[in-house]
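The values are calculated or read from the model by the stated rules, or taken from the named source; none is laboratory data. All of these numbers come straight from a predicted model, not from anything done at the bench. Virtual Cβ from ideal backbone geometry, glycine too; neighbours counted across all protein chains shown. These accessible areas exclude ligands, DNA and RNA; they are computed on the full protein's heavy atoms, side chains included. Shrake-Rupley method; radii C 1.70, N 1.55, O 1.52, S 1.80 Å.
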Amino acid sequence: MKKRNKLKILNDPIYGFITIPNELIFDLIEHRYFQRLRRISQMGLSYLVYPGAHHTRFHHALGCMHLMQNAVRVLRFKGVNISDEEEEALYVAILLHDIGHGPFSHAMEHSIVNEVNHESISLMFMEKINMEFNGSLTLAIQIFKGEYHRKFLHQLISSQLDMDRLDYLKRDSFYTGVAEGNINSERLITMLNVVKDELVVEEKGIYSVEKFLLARRLMYWQVYLHKTSLVAESLLIRVLKRAKELVDKGEKLNASKPLLFFLENKISSSNFTEDVLETFSKLDDYDIVSAMKEWTTSNDFVLRNLCKMIIERDLLKIKIKKKEFNEEKINKRIEDFRIKSEISEEEARYFVFTGMIANQAYHQNKQNINILYKSSKIVDIVSATDQFNLKALAKPVTKYFICYPKYID
């Protein structure tokens, strides 16, 4: 049998050519759990706002791996010792860091699966693959969990300046066309170093870090927390909640087998077994979209209209302000809609609801981004910068929103 060439080169619209460094990485990319990420959108329903935002978690994971290759090369050049085993483990961990994401990224976590976040599902997938691959992912899992003795390796995967953030800001900026997020990830990586087992950024990179934090803040307001995306995601969460409610009452809904499984069963961290994981691995954006198309003709007023709003992009109105909304006004909107639509108050609450959003570009005292001066002094970025606005970026900004149907304005 002819041996297959596994050292492939992929073409990425952002970085150009990405090389697959070894056969293990190739086999992981080929694995059906990883291939599923081609069918999970990176930015949920943001394409309803930014038509280009159709890129996937698959794209993002490969981009992260590419940046990790650059980071390893830079750190080795600066004399940081990274063994071949550690290098491979870094590539595996960053490649699989998002493998546990459900359809439309975060919607599942808030509706039909209770208290199981995508990080813990990622870990379950990694442990399952590790058994198939005879333990060759063991070190990667240790680093991913932050249990390996060399702290900076975990920081490259998960910290306030990790390969994940460096890729998604640049990638999301590219696909949405929002130039404010276009960070110089190459320069940031070139400025990385390691001191006492901690990741630091050399003094020359200080402005790139400032730009990175500012870009993160702007991308949150302009893209991730965009008001139309907020409405769409809130509607999707309510679609799944309502579908689950109806199934619990014994109604028959048309949906794919994997989606029906999660609608029919109460799944939480305590009963997320290997069989459940297998079913979860068959679930992607397509299941949700085809179910919503089906449910636009449902007999249930709530499910039918919520699905139509998303499928036809005729969404609820949204108002955002700095103070919480008056309870009386909220109740009046609910009552108006209840009377107009001849439905119960409980059903009306699916269409009139409030929520809160917070944006904090930098968390001080949480794996800080440290700047290394030529004098060997190490200082947190907020203290190192002469930019007043960085102090502001470290403060959380909270806003409140209300969503309601257009015709009860």
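Shown is the FRET efficiency for F133 and K282, computed with R0 = 22 Å from the Cβ-Cβ distance and rounded to the nearest 0.05: 0.60. Phi angles of the stretch 62-76 translate, via the Karplus equation with coefficients 6.51, -1.76, 1.60 and θ = phi - 60°, into HN-Hα couplings of 5, x, 4, 5, 4, 5, 5, 4, 4, 4, 4, 4, 5, 5, 5 Hz per residue; Gly and Pro are given as x. First check a/c for the stretch 266-393, with a ≥ b ≥ c the square roots of the eigenvalues of its C-alpha gyration tensor; if it is under 1.5, answer rounded, and if not, answer prolate when a/b is larger than b/c or oblate otherwise. Since a/c reaches 1.5 but b/c is at least a/b, the shape of the stretch 266-393 is classed as oblate. For the stretch 112-248, the square roots of the Cα gyration tensor eigenvalues, ordered a ≥ b ≥ c, give a/c of at least 1.5 with a/b no greater than b/c, which places it in the oblate category.
Taking a straight Cα-Cα cut-off under 15 Å and skipping sequence neighbours fewer than 8 places away in the same chain, the aspartates and glutamates within cross-link reach of K257 are D275, E278, D284, D285, D287, E294.
For the peptides 127-138, 211-222, 256-267, residues were scored by their other Cβ atoms within 10 Å and the scores averaged per peptide; the highest-first order is 211-222, 256-267, 127-138. Computed over the alpha-carbon pairs of the chain, the distance histogram in 10 Å steps reads 4, 20, 28, 25, 15, 6, 1, 0 percent, short to long. Here is how the number arises for the chain: DSSP H runs of 4 or more residues each give -39500 (n - 2.57), the sum is divided by the residue count, and the result at 222 nm is -14500 deg cm²/dmol. Bridgeable lysines around K308 (alpha carbons under 18 Å apart, same-chain partners fewer than 8 residues away excluded): K241, K244, K293, K317, K406. When the Cα gyration tensor is reduced to axis lengths a ≥ b ≥ c, the ratio a/c is 1.5 or higher for the stretch 284-353, and with a/b not above b/c it is classed as oblate. In a Gaussian network model over the chain where Cα atoms closer than 10 Å are linked, find which of N370, N389, N305 has the largest mean-square fluctuation. With Cα springs under 10 Å in the chain, the top fluctuation among N370, N389, N305 is at N389.
Relative protection proxy for 25-32, 39-46, 319-326, from highest mean packing down: 39-46, 25-32, 319-326 (other beta-carbon atoms within 10 angstrom). Report relative contact order for the stretch 79-213 in percent, whole number only (criteria: Cα-Cα under 8 Å, sequence separation at least 6). Relative contact order for the stretch 79-213 comes out at 19 percent. Across the cross-link table entries K340/K399; K322/K366; K252/K340; K170/K227; K78/K145, which are compared at the Cα atoms, the separations over 23 Å belong to K340/K399; K322/K366; K252/K340; K78/K145. Karplus-based coupling profile of the stretch 355-364, in residue order and whole Hz: x, 9, 10, 9, 10, 9, 6, 9, 9, 5, with θ = phi - 60° in 6.51 cos²θ - 1.76 cosθ + 1.60 and x standing for Gly or Pro. The peptide list 53-59, 202-208, 16-22, put in order of mean Cβ contacts within 10 Å with the highest first, becomes 53-59, 202-208, 16-22. Against the empirical 2.2 N^0.38 Å (N residues), the stretch 10-105 has a Cα radius of gyration ratio of 1.18. Quick check: at a probe of 1.4 Å, how many percent of the accessible area of the stretch 320-409 sits on carbon and sulfur atoms? The C+S portion of the solvent-accessible surface of the stretch 320-409 is 48 percent.
Under the convention that each Lys and Arg Cβ holds +1 and each Asp and Glu Cβ holds -1, the size of the dipole of the chain around its Cα centre is about 1080 debye. The residues of the chain present an accessible area of 47 Å² per residue when probed at 1.4 Å with all protein chains retained.
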